[in-house]
Amino acid sequence: MKPFARLLLCICLLLGLGRTVLAQSDTDRQVNVIRFEPGKSAITLSGSIKGYQYIDYTLKAEKGQQLTVSMVTKHTSTYYNILPPGSQDVAIYNASINGLQYSGELTESGEYTIRVYMMRSAARRKEKASFTLQVGVEPKP
């Protein structure tokens, strides 16, 4: 391959990667902190996303507490992941694989993230989805 052709190929690849990064940038991300009302251990949250947008709901919890998350949506390509403290993308629960209902004991203390997102096939079409999340954290026994 000639040097000019090699350079042109590299430029095209870099431009393509730049578009991919921009499509899933922080401008598509919204962060909401979950705070329970005094004496309450559960909350119902409503929202909507469109295309590549996603919403992170964060909450602080302790090792040994029971976390429950339930999603209701009419959009069949909208799901959530639960990320443990310190994780940016590795989930301990993936609703697209395991279903929209989760209940489990937390294995570490810190800030957990519930990330609501749309599958890429629907996001590419810029579909919109409304959803309701029910989130509960039971005290340690």
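The values are calculated or read from the model by the stated rules, or taken from the named source; none is laboratory data. Keep in mind that this is a model prediction, so the values were computed, not measured. Heads up, the Cβs are rebuilt from the backbone with ideal geometry, glycines too, and the neighbour counts pull from every protein chain shown. Remember, those area values only see protein heavy atoms, side chains included, never the ligands or the DNA or RNA. Shrake-Rupley method; radii C 1.70, N 1.55, O 1.52, S 1.80 Å.
Is it the case that some residue within region 9-24 is part of a loop (DSSP other than H, G, I, E, B) and either at pLDDT 90 or above or touching a Cys at 6+ places or on another chain (Cβ under 8 Å) (or both)? If you could, list the steps in order and put the result at the bottom.
Filtering region 9-24 down to residues part of a loop (DSSP other than H, G, I, E, B) leaves 24.
The next check asks that each one be either at pLDDT 90 or above or touching a Cys at 6+ places or on another chain (Cβ under 8 Å) (or both); those that pass are none.
No, the conditions are met nowhere in region 9-24.
Going by the structure shown, is GLU37 among the acidic types (Asp, Glu) and over 18 Å from LEU106 (Cβ atoms)?
Values: among the acidic types (Asp, Glu): yes; over 18 Å from LEU106 (Cβ atoms): yes.
The answer is yes for GLU37.
I want to confirm something. Restricting to region 75-119 and keeping residues that are hydrophobic (A, V, I, L, M, F, W, C), closer than 20 Å to GLN65 by Cβ and touching an Asp or Glu at 6+ places or on another chain (Cβ under 8 Å), which single residue is surrounded by the most Cβ atoms within 10 Å (Cβ to Cβ)?
The extreme case among them is ILE114.
Within region 53-71, does at least one residue satisfy the condition of being more than 16 Å from VAL137 (Cβ to Cβ), open to solvent by 20 Å² or more (accessible area, probe 1.4 Å) and within 13 Å of the chain's Cα centre (by Cα)?
There is at least one residue in region 53-71 that is more than 16 Å from VAL137 (Cβ to Cβ), open to solvent by 20 Å² or more (accessible area, probe 1.4 Å) and within 13 Å of the chain's Cα centre (by Cα).
How many residues does region 68-101 contain that are more than 19 Å from ILE34 (Cα to Cα), without any contact (Cβ under 8 Å) to a residue 40 or more places away in the chain and in a strand (DSSP E or B)?
Qualifying residue count, region 68-101: 1.
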